[in-house]
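One structure is given here, and the rest of the page talks about it.
The values are calculated or read from the model by the stated rules, or taken from the named source; none is laboratory data. Source: prediction; values computed, not measured. Here the Cβ is made from the backbone with ideal geometry for all residues, glycine too, and neighbour counts use every protein chain on show. In case anyone asks, the SASA skips ligands and DNA or RNA and just uses the protein heavy atoms, side chains included. Shrake-Rupley method; radii C 1.70, N 1.55, O 1.52, S 1.80 Å.
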Amino acid sequence: MTSPITTDVTKALEAITTGHLCAIPTETVYGLAADADNPQAVARVFESKNRPTDHPLIVHVKDLQTAQTWLKDLPDWAVKLAEEFWPGPLTLVGKKTDHVSLLVTGGQDTVAVRVPAHPLTQELLTKLTKHNVTGLVAPSANRFGHVSPTTAQHVFDDLGPYLITNKDVILDGGKCQVGLESTIVLTTLSNPVVLRPGAITQSDIEKVTGLKVQANAQNKPRVSGSLDSHYAPKAQVELVSPDQVPNEKGAGFIGPSSVTVPANLTILLSAIDDEDYASNLYQALRKCDELGLTKVYAVLPNDSGLATAIIDRLTRAAN
Ligand code: TXA
Ligand code: MG
């Protein structure tokens, strides 16, 4: 059986334009992409992941101008965010234009859009324009509820047989740099609301917009990553304080390198800083299952900036 993994953008282009799926590298995590204007292909994205159809998808586009054919009535402050952080790990949720299918938005009248920064995916998006494909839906390319993939091999580990059977493709762009999913910002209220924390932080958003990020919106839209249990390995994740890490055989450790790890624990991640913690966290969570560990003790980083996103994901993984 031939591997679906390729570094050839032409193969990715062919997959998308013939209605197949293509896992794409981004700076955050790998996405499982399909032509956002092809209803059968979009339906297959849900099927492949076992994802409930009311969980809306993010549309990935080439640039801000293209984004505005999917999103309408963006307030000036949201345009400023896009100009500052695109291409990059930021997703904007706003009113959808008429051509956006309700299949993509899970029946909602808003749509989530982002411009990914990975050069291979940028190249793919640019080439797709010539085939009249201007948007790719792409959820993280993992089984629903599982840890997001940060390498092509992770995608294969979760979805390999399904992708082979259906002649789908994985575009290999190496390891994802950020390692955590994009920051999702709701733009339909007077102030920005962070629906999912990520590498673009609350203070980044406040600095650029000059507005206070609103903590909790009424009628906050559904975000699948906001289910209480998500991003979870098979192993049980338990959060502990730095001075209370048990010396337990058969268990793993994830935390900052400042923590002294007891001798019996398998070190899955000893992070030198928050960037290191974020970019290696999902790999570490997958590793504990590979090693057959049933328990992982995790020490959280101090809450500020990127650490907010790490804490969010680990807290859900521990649920
Ligand atoms: O970094 C990322 O955002 C990655 C890469 C592949 O781009 N994608 C990603 O997709 O994390 P996914 O599907 O795993 O998570 C997208 C989140 C979901 O939790 C979904 O509920 C939320 O975006 N979302 C999508 N459309 C929305 C909308 N109209 N309103 C509120 N949330 C929305
Ligand atoms: Mg996901």
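Taking every protein chain into account, the 1.4 Å probe leaves residue 14 with about 110 Å² of accessible area, to the nearest ten. Beyond a 30 Å Cα-Cα separation, which of these cross-linked pairs lie in this structure: 72/127; 95/175; 96/130? As for pairs spanning more than 30 Å Cα to Cα, those are 95/175. Rolling a 1.4 Å probe across the protein heavy atoms gives the chain an accessible surface of 42 Å² per residue. Does the stretch 115-216 come out rounded, prolate or oblate, given a ≥ b ≥ c as the square roots of the eigenvalues of its C-alpha gyration tensor, rounded meaning a/c under 1.5 and, failing that, prolate meaning a/b above b/c? Prolate shape, in that a/c is at least 1.5 and a/b is the bigger ratio. On C-alpha positions alone, give me the angle between the axis of helix 119-129 and the longest principal axis of the chain, in degrees, nearest 10. The answer is roughly 20 degrees. Taking the accessible area of the chain, probe 1.4 Å, and keeping the other protein chains in place, the carbon and sulfur fraction comes to 49%. Just want to confirm a number: the relative contact order over the chain, from Cα pairs under 8 angstrom separated by 6+ residues, in percent. Across the chain, relative contact order equals 20 percent.
For the chain, what proportion of DSSP beta bridges, expressed in % and rounded to the nearest 5, is antiparallel? Around 40 percent of the beta bridges assigned by DSSP in the chain are antiparallel ones. Only protein heavy atoms count here; under a 1.4 Å probe, residue 175 has an accessible surface of about 100 Å². Summing Lys and Arg as +1 and Asp and Glu as -1 over all other residues whose Cβ lies under 15 Å from the Cβ of residue 15 gives a net charge of -2.
Evaluated with a Cβ-only charge set (Lys, Arg +1; Asp, Glu -1), the chain carries a dipole of roughly 540 debye about its Cα centre, given to the nearest 20. Taking each of 62/167; 11/295; 80/287; 212/295 in turn, the alpha-carbon distance tops 30 angstrom for 11/295; 80/287; 212/295. Assuming a ≥ b ≥ c are the square roots of the Cα gyration tensor eigenvalues, decide whether the stretch 58-122 counts as rounded (a/c under 1.5), prolate (otherwise, with a/b larger than b/c) or oblate. Note, shape of the stretch 58-122 comes out oblate. To the nearest ten degrees, helix 274-290 and the longest principal axis of the Cα atoms of the chain are 80 degrees apart. Cα centroid distance between the stretch 127-181 and the stretch 1-67, in Å? Answer, in whole Å: 7. Converting the Cα gyration tensor eigenvalues of the chain into ellipsoid dimensions via √(5λ) gives semi-axes, longest first, of 31, 25, 16 Å.
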